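The values are calculated or read from the model by the stated rules, or taken from the named source; none is laboratory data. Since we're looking at a predicted model, the values are computed, not measured. When we count neighbours, we look across all protein chains shown, and the Cβ atoms used for this are built from the backbone with ideal geometry, even at glycine. Only protein heavy atoms, including side chains, enter the accessible area calculation; ligands, DNA and RNA are left aside. Shrake-Rupley method; radii C 1.70, N 1.55, O 1.52, S 1.80 Å.
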Amino acid sequence: MVCIKKRFFNPSRLLLLAFGLWPDKETIFTRFQATFLCSFLISSIVFQLSRVFIAECNFDLIVRIVSSTTFFTMLTILPFSFWVNIKTITYLLDQLQYIYDRLKDRNEIAIYDKYGNTGKQFATIVIILLVCGLSGNSVIIYWPYILDIVVPKNESYAIHMMQFVTEYFNVSEKYYFLVVVHLNAACSTGLIVLAGTGTIFFSYLQQTCGMFEIASYRIEQAMATELLHNFDIKNTIGICREIICAIDIQRQAMQCAKGFITSMEGTIFVLVITLVLCVSCNLFRIFQIESPMERMDEVLLHFSAVFIVLMIMFLSSYVGQDVTDHSNYVYVITYNVAWYLAPLHIQKLILFLLQRSNKSCTLSVGGLFTASLECFATLFQASMSYFTFMYSMQ
């Protein structure tokens with residue numbers, strides 16, 4: 001028996017196993033790992049918010065803190081929700097395994113494998129980009145301290161970073177290095193876990209698309225022209241059986257999509273608001289800097305946050321659009337088959353299938369947000385609108 005967790009989710013497993021978030025048997029040790037991870041990420045948010053109450057508060061400081069806090073909140077929400085719903089996620093993955101085990105046709109298995117491998121390849125690309133990004137980030141941050149040890153001089157190589165951190169978070173120079181290590185470790189850890197959980201969801205929804213594709217394939221096979229021209233009792237039974245199987249896997253695909261969105265509905269709602277606020281505040285902070293060339297490090301910091309958030313919004317909308325398109329494709333295939341050649345009782349089955357497929361399967365959160373490319377454009381437009389409002393009010 002093929003284990004789809006090992007076959008299609010192994011890259012994500014490598015990212016999450018060290019943090020106790022891999023959806024498998026829960027133990028005391030994995031519970032401790034997940035608790036420590038969430039506590040560590042939350043501590044970075046608490047520290048940044050505390051600067052608003054401890055330091056001398058002004059509008060500039062509030063914008064800086066909100067722009068960074070929303071980014072760290074984004075890194076915390078998804079892992080925390082993943083941990084809370086880990087039993088539900090384990091159940092959803094077990095359902096995929098059950099569906100895969102019931103596939104007997106080689107073409108259907110090939111279709112499922114194609115979508116499973118697409119999710120796996122996407123996870124691999126994300127890991128490669130993540131490793132490159134975190135490696136470059138570590139070199140940029142810690143290289144000045146290495147130079148201070150290897151090639152010391154009167155003035156520290158990290159003096160510019162020290163001035164930036166103490167000014168940005170309004171902390172004493174005595175503690176700036178601890179702040180750098182803490183926030184950099186929290187950001188790196190959060191990005192790793194976000195990549196792991198995000199690729200699991202992407203691969204899960206890709207396999208849901210594969211199930212819709214299999215439903216379309218079964219309908220095409222059932223209503224093949226050669227079967228309809230040579231019609232007898234045996235073909236009638238075969239056609240009815242294939243149509244029933246197509247309806248069954250279409251129903252399972254809809255349940256998988258609905259089960260995912262139901263378990264993550266509250267998380268996605270909060271996450272969408274956080275992402276829009278994060279883009280708006282970081283864009284506002286970029287245009288608020290008076291001398292961008294002299295403060296290029298801060299500009300790059302905010303620009304990186306905006307880029308990462310927009311990529312997350314786009315990929316989430318894209319996979320939601322992909323699920324909807326594959327759901328609609330079942331309707332198109334059903335409409336285009338040679339149903340008019342079939343007997344009346346099979347035409348009635350096709351009619352029921354058309355009515356069922358006419359309703360698109362969408363990833364909708366409370367009727368407010370529906371994962372699609374149109375939704376991405378709407379969220380981006382909302383982010384720009386809030387940014388424009390903030391910029392005009394300064």
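Descriptive notes on the structure:
- Among Ser216, Ser316, Ser43, the largest mean-square fluctuation in a Gaussian network model of the chain, built with springs joining Cα atoms closer than 10 Å, belongs to Ser43.
- Solvent exposure of the stretch 4-393 amounts to 51 Å² per residue of accessible area, where only protein heavy atoms count and the probe is 1.4 Å.
- Leading residue at positive end of dipole, the chain (Cβ point charges), from Leu349, Ala185, Ile45: Leu349
- In the chain, Cα pairs under 8 Å separated by at least six residues give a relative contact order of 21 percent.
- Cβ-derived FRET efficiency at R0 22 Å, Leu178 paired with Val270, nearest 0.05: 0.15
- For the chain, the longest principal axis of the Cα atoms and the long axis of helix 86-101 meet at an angle of about 30 degrees.
- Largest GNM mean-square fluctuation among Val139, Val171, Val181, using the chain with Cα springs under 10 Å: Val139.
- Computed from label points 7 Å out along Cα-Cβ, the spacing between Ala185 and Ile244 is 6.0 nm.
- Surface share of carbon and sulfur [accessible, 1.4 angstrom probe, percent] for the chain: 66
- Think of the stretch 4-393 as a dipole: +1 on every Lys or Arg Cβ, -1 on every Asp or Glu Cβ, centred on the Cα centre; then among Thr118, Ile77, Val299, Thr118 lies furthest on the positive end.
- Three principal axis extents of the chain based on alpha-carbon atoms, in descending order, are 93, 48, 33 Å.
- Note on the chain: with charges restricted to the Cβ of Lys and Arg (+1) and Asp and Glu (-1), its dipole about the Cα centre is near 1100 debye.
- With distances taken between every two different alpha-carbon atoms, the stretch 339-394 has a Kirkwood hydrodynamic radius of 15.2 Å.
- Potential lengthening between Val332 and Asp105 on full extension [0.36 nm per residue; Cα-Cα distance subtracted]: 79.5 nm
- Among the lysines of the chain, pairs that are 8 or more positions apart or on different chains and have alpha carbons within less than 14 Å of each other number 5.
- Helix axis angle, 296-336 relative to the chain longest principal axis, alpha carbon, degrees: 10
- Neighbours of Ala257, meaning other residues whose beta-carbon lies under 13 angstrom from its beta-carbon, give a summed charge of 0 when Lys and Arg score +1 and Asp and Glu score -1.
- Choice from Val319, Val337, Val309 with maximal GNM fluctuation in the chain (Cα, 10 Å cutoff): Val337
- 222 nm mean residue ellipticity, helices alone, for the chain (DSSP H n ≥ 4; -39,500 (n - 2.57); rounded to 500): -28500 deg cm²/dmol
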